[in-house]
Amino acid sequence: MVKFVTDICAQKLIFPNMKSIVVYCGSNAGKRPEYLELATEVGLAMAKHGINLVYGGGNLGLMRAVADGTLAGGARVTGIIPNFLAELEVAHQTLTEIHFVETMHERKAKMVSLSDGVINLPGGYGTLDEMFEILSWSQLKIFHGPVGVLNYNGFYNHLLAHIEVMVEEGFLKPENRDLLIVADNIEELLDKMLAFERKESKLELKNIQQEK
C-alpha cells in the first residue's frame with residue numbers, strides 16, 4: 001500500500017494531457033438501456049481522445065460496456081480485479097492487460113496509481129465508496145488529478161445537493177467541494193478535466209499530522 005501511495009503522490013499537479021483515466025461504475029446494467037449506451041459512449045469518447053481506460057476488470061453491467069467501448073475505439077484497457085472475484089468468473093476475458101490482486105484496497109490503490117484522472121458513472125454502493133475515497137485522497141493531497149462525475153439524466157442530482165448541505169453546515173470547505181468536476185455529457189466532462197488545474201487548499205498534510 002505504501003508503494004501505491006508513493007506512486008500516486010508522484011503525479012504532476014497539472015494534466016494538460018491525460019493518458020489514462022479510471023472509470024468507476026456499476027457492475028449492474030441499471031433498469032434502462034440508456035445506461036449501457038452511456039458507458040459504451042464514454043469508452044468510445046476516451047479512445048477518440050487517445051485516453052486509455054483503467055477499471056475494475058469486470059465483465060458485467062456498465063463495467064463491461066465501458067471496457068468494450070474503449071476497446072472498440074482502439075484504446076488500451078487495463079483491468080484490476082481481486083482474485084476472489086476472478087474466481088467467480090466475472091473477470092473480462094479480452095482486455096489489453098489485467099492485474100490480479102488480493103484485496104479490494106489493493107485494487108483501488110492500484111487503479112489510481114495507473115491513472116491521471118477519475119470519472120464516476122452511475123452505480124451503487126461500490127461506485128460511491130470509490131468516488132468518496134478518491135475525493136478524500138484529493139482533499140488530503142494524496143491524489144492530484146481531476147475527479148469527474150458524469151451526471152447523466154440527473155442521476156447524481158440528490159447526491160450533489162447533499163454535498164451542498166455539507167458545505168452549508170460547515171463540514172466541507174467550498175474549495176474541496178470544487179474538487180468534484182460535474183458535467184452531464186462526456187465531451188464536456190473530458191474538456192473540463194483536460195483543463196483542470198488544482199487550486200491550492202488551506203489544508204496541508206502537515207496540519208493533520210499529530211505529533212507524538
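Quick note: the coordinates plus some simple rules give every number you see, no bench work behind them. Since the model is a prediction, treat every value here as computed from it, not as a measurement. We place every Cβ from the backbone using ideal geometry, glycine too, and count neighbours over all the protein chains shown.
The ranking of L53, L36 from fewest to most other beta carbons within 10 Å of each one's beta carbon is L36, L53.
Of the chymotrypsin sites (Phe, Trp or Tyr not before Pro) in the stretch 57-143, which ones lie in a loop per DSSP and count no more than 14 other C-beta atoms within 10 Å? Provide the component values of the computation, followed by the final result.
Working: sites: F84, F100, Y125, F132, W137, F143; in loops: F143.
Hits after loop and neighbour filter: nothing returned.
Within the shell of other residues whose beta carbon sits under 13 angstrom from the beta carbon of T94, the net charge comes to 0, with Lys and Arg scored +1 and Asp and Glu -1. Of the GluC sites (Glu not before Pro) found in the stretch 68-164, those that fall in a DSSP loop while having at most 14 other beta-carbon atoms within 10 Å are E87, E89, E102.
For the stretch 59-123, the calculated P(r) over all alpha carbon pairs, in 5 Å bins from 0 to the bin holding the longest distance, is 4, 16, 26, 30, 21, 4, 0 percent. Beta bridges from DSSP with both residues in the stretch 2-196: antiparallel share about 5 percent, rounded to the nearest 5.
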